[in-house]
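The values are calculated or read from the model by the stated rules, or taken from the named source; none is laboratory data. Treat the numbers as computed from the prediction; the structure is a model and nothing was measured. Quick reminder, even Gly has a Cβ in these numbers, built from the backbone with ideal geometry, and neighbours come from all protein chains shown.
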Amino acid sequence: MVTNRNLRIRWIDRVGSIRKSAKADRANRASSVLQSLTRFIQGGAPRVLRFARAREAATAVEFALIAPAFLATLIAVFQTCIFMFAQTVLQNAANTAARYFLTGQAQNNNCTASQIINGGCGLTAVCPAAMFTCSNMYLSVQNYSAFSSASTSAPAMYSGTTAITTYPYDPGTSGNIMVVQLLYAWPVIGGPLGFTLANLPNGSAEMVGTSAFKVEPYQSQ
């Protein structure tokens, strides 16, 4: 006959057995995890070392790091060179226009600003059509009594956000001091890192060719 004492002993033995089994299971799982981690480290370490030693894509990575600054510098140099070349061409055109007034040809032929730029009234066009859009070029001709009062500063091409398309045109006569200017809004593009030559509301850069001189004596016709 099973007594209460025997039942308690059996129950204690069973609990102890369960605890031992659970402890053994935990130990086995911990050992299994440790073994898996060890295998992972042993297998992954060589791959990590190979990655650290790999140099095949080093050039591409280095270029990706310096590319923005390199492209910004390249675009800046390219645009500045083109702008300076165009500025020289525009200045030569302004010198040609100045000679028309210097010698009295423009005055005697009653040339308008448009005819000086695009050709007409017996004179060759001063606008270099191969590089400039002549319809977007403007001519400013001002007359002064002395060089000390002459202004050679660049005329404004915009009033706020409105483009200015009308400029002074006073051809003058023999002995006058004149300032002849050709104006053009040169289109530019922006580059990386915020580089731009633009100084006009439409995103272009103002370009001016200027010539100051005293009109030579000439025979009016």
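Checking each residue in region 166-203 for being of a type in the set (Ser, Thr, Tyr), modelled with pLDDT of 95 or more and over 15 Å from Gln142 (Cβ atoms) picks out only Tyr184.
Please tell me if Tyr184 is free of Cβ contacts under 8 Å to residues at least 60 places away in the same chain and surrounded by 13 or more Cβ atoms within 10 Å (Cβ to Cβ). No: the conditions fail for Tyr184.
Can you find a residue that is over 33 Å from the mean Cα position of the chain (by Cα) and in a loop (DSSP other than H, G, I, E, B) anywhere in region 175-194? So far as region 175-194 goes, yes, one or more of its residues are over 33 Å from the mean Cα position of the chain (by Cα) and in a loop (DSSP other than H, G, I, E, B). Output yes when any residue across region 136-156 is touching a Leu at 6+ places or on another chain (Cβ under 9 Å), over 16 Å from Ala97 (Cβ atoms) and in a strand (DSSP E or B), and no when none is. Within region 136-156, not a single residue is touching a Leu at 6+ places or on another chain (Cβ under 9 Å), over 16 Å from Ala97 (Cβ atoms) and in a strand (DSSP E or B).
Per-residue answers, yes or no, for (1) crowded, with 16+ Cβ neighbours inside 10 Å; (2) in contact with a helix residue (DSSP H, G or I) (Cβ under 9 Å, 6 or more places away or on another chain); (3) at pLDDT below 95:
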site	(1), (2), (3)
Val77	no, no, yes
Thr80	no, no, yes
Phe85	no, no, no
Thr88	no, no, no
Gln115	yes, yes, no
Cys127	yes, yes, no
Met137	yes, yes, no
Ser145	no, no, yes
Met157	yes, no, no
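Going by the conditions given, is Tyr218 surrounded by 12 or more Cβ atoms within 10 Å (Cβ to Cβ), more than 30 Å from Ala64 (Cβ to Cβ) and without any contact (Cβ under 8 Å) to a residue 60 or more places away in the chain? The answer is no for Tyr218. Under 8 Å by Cβ, and 6 or more places apart or on different chains, what pairs join a residue from region 156-179 that is closer than 30 Å to Gln219 by Cβ and touching a residue at least 60 places away in the same chain (Cβ under 8 Å) with one that is of a type in the set (Lys, Arg) and in a strand (DSSP E or B)? Taking only residues 6 or more apart or on different chains, the pairs are Met178/Lys214.
If you filter region 201-215 down to residues that are of a type outside the set (S, T, N, Q), in contact with a strand residue (DSSP E or B) (Cβ under 7 Å, 6 or more places away or on another chain) and surrounded by fewer than 18 Cβ atoms within 10 Å (Cβ to Cβ), you find that the one that is nearest to Gly160 (Cα to Cα) is Pro201. Out of all the residues in region 95-108, is one or more in contact with a Leu (Cβ under 9 Å, 6 or more places away or on another chain), at pLDDT 90 or above and among the hydrophobic types (A, V, I, L, M, F, W, C)? The answer is yes; a qualifying residue exists. In this structure, Ser211 qualifies as in a strand (DSSP E or B) and in contact with a helix residue (DSSP H, G or I) (Cβ under 7 Å, 6 or more places away or on another chain).
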